[in-house]
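Inspection log for the structure reproduced underneath, given as structure tokens.
The values are calculated or read from the model by the stated rules, or taken from the named source; none is laboratory data. All values derive from a computational prediction rather than experimental measurement. As a convention, Cβ positions derive from the backbone with ideal geometry for all residues, glycine included, and neighbour counts pool all protein chains shown. Heavy atoms of the whole protein, side chains included, go into the accessibility calculation; ligands, DNA and RNA do not. Shrake-Rupley method; radii C 1.70, N 1.55, O 1.52, S 1.80 Å.
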Amino acid sequence: MDQTMEIRRAAEADYPGICALAGSYYRENPTPADRQQGFLSARFGLQQIADMANSLGIVIASDAGQVAGFVCASRCDWTGQPDIVRHMVDNLPRYRFHERAVDENRVFVYGPVCIDVAYRGRSILRNMYRHLHREMDGRYAAGVAFVANDNEASLRAHIDGLGMSRIGEFRYQERSCQVLAFDIEPAEIAAISRQTPA
């Protein structure tokens with residue numbers, strides 16, 4: 001990873017950069033060709049970004065003060081969730097992870113996650129993911145996320161690159177999404193460090 005790149009928890013000065021980066025990759029904004037490289041399925045405003053950062057937290061990749069990427073985490077009971085996220089959370093009890101029903105009290109919501117296209121392929125996703133693991137260690141047993149079925153780049157990055165497990169699927173406003181889950185445990189972090197860069 002570049003020496004100028006810093007992986008850290010977001011500070012208030014980073015919120016506008018996070019919001020701008022998220023807006024650029026919201027599914028309606030990229031060109032069809034750019035959308036094939038990944039997009040965000042939910043829209044987040046500045047107040048929602050601030051709420052997440054002040055709660056569980058947002059991990060960013062900062063290049064000389066510029067937000068090059070971010071990974072968000074939020075509680076399942078957070079009232080600021082976009083409708084599509086709330087739909088997933090409301091249905092968590094019907095999914096199973098490690099042969100057990102998903103317990104909303106022991107999991108957090110992972111996402112949104114975004115890396116500027118100019119910074120991809122530099123292990124930034126993995127490094128932000130590892131940092132997030134450290135932030136959540138001792139607080140939660142697992143994380144849950146969703147990725148739209150037509151967001152193949154994100155599915156590859158999270159399933160093949162980070163080793164997340166598919167635990168279900170849902171439809172929301174005619175769109176199909178995969179529900180993913182992952183453990184918060186040191187063994188998984190060690191395994192990630194040996195995998196191909198994401």
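Values computed for the structure shown
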quantity	calculated
Residue match in the stretch 97-107 (condition: of a type in the set (D, E), more than 13 Å from the chain's Cα centre (by Cα) and at positive phi)	yes
Selection within the stretch 148-162 - open to solvent by less than 40 Å² (accessible area, probe 1.4 Å) and not aliphatic (A, V, I, L, M)	N151, S154, H158, G161
Whichever residue in the stretch 66-79 is touching a residue at least 24 places away in the same chain (Cβ under 8 Å) and open to solvent by 20 Å² or more (accessible area, probe 1.4 Å) and, among such residues, is farthest from the chain's Cα centre (by Cα)	Q66
Test: residue in the stretch 151-158 that is at pLDDT 95 or above and touching a Ser or Thr at 6+ places or on another chain (Cβ under 9 Å)	no
Residues being aliphatic (A, V, I, L, M) and modelled with pLDDT under 90 - total across the stretch 103-140	2
Residue in the stretch 39-61 that is of a type outside the set (A, V, I, L, M), touching a Ser or Thr at 6+ places or on another chain (Cβ under 6 Å) and modelled with pLDDT of 90 or more present	no
Lone qualifier among V71, V85, V102 - being out of contact with any helix residue (DSSP H, G or I) (no Cβ under 8 Å at 6 or more places or on another chain), closer than 19 Å to C177 by Cβ and of a type in the set (V, I, T)	V85
Restricting the stretch 80-90 to residues that are crowded, with 21+ Cβ neighbours inside 10 Å and touching a residue at least 60 places away in the same chain (Cβ under 8 Å), the residue that is nearest to H131 (Cα to Cα)	V85
Scan of the stretch 174-188 for residues that are touching a residue at least 12 places away in the same chain (Cβ under 8 Å) and either at positive phi or open to solvent by less than 50 Å² (accessible area, probe 1.4 Å) (or both), ordered by number	S176, C177, Q178, V179, L180, A181, F182, D183, I184, E188
Positions within the stretch 113-143 being open to solvent by 30 Å² or more (accessible area, probe 1.4 Å), closer than 14 Å to C72 by Cα and among the charged types (D, E, K, R), in sequence order	R130, R134, E135
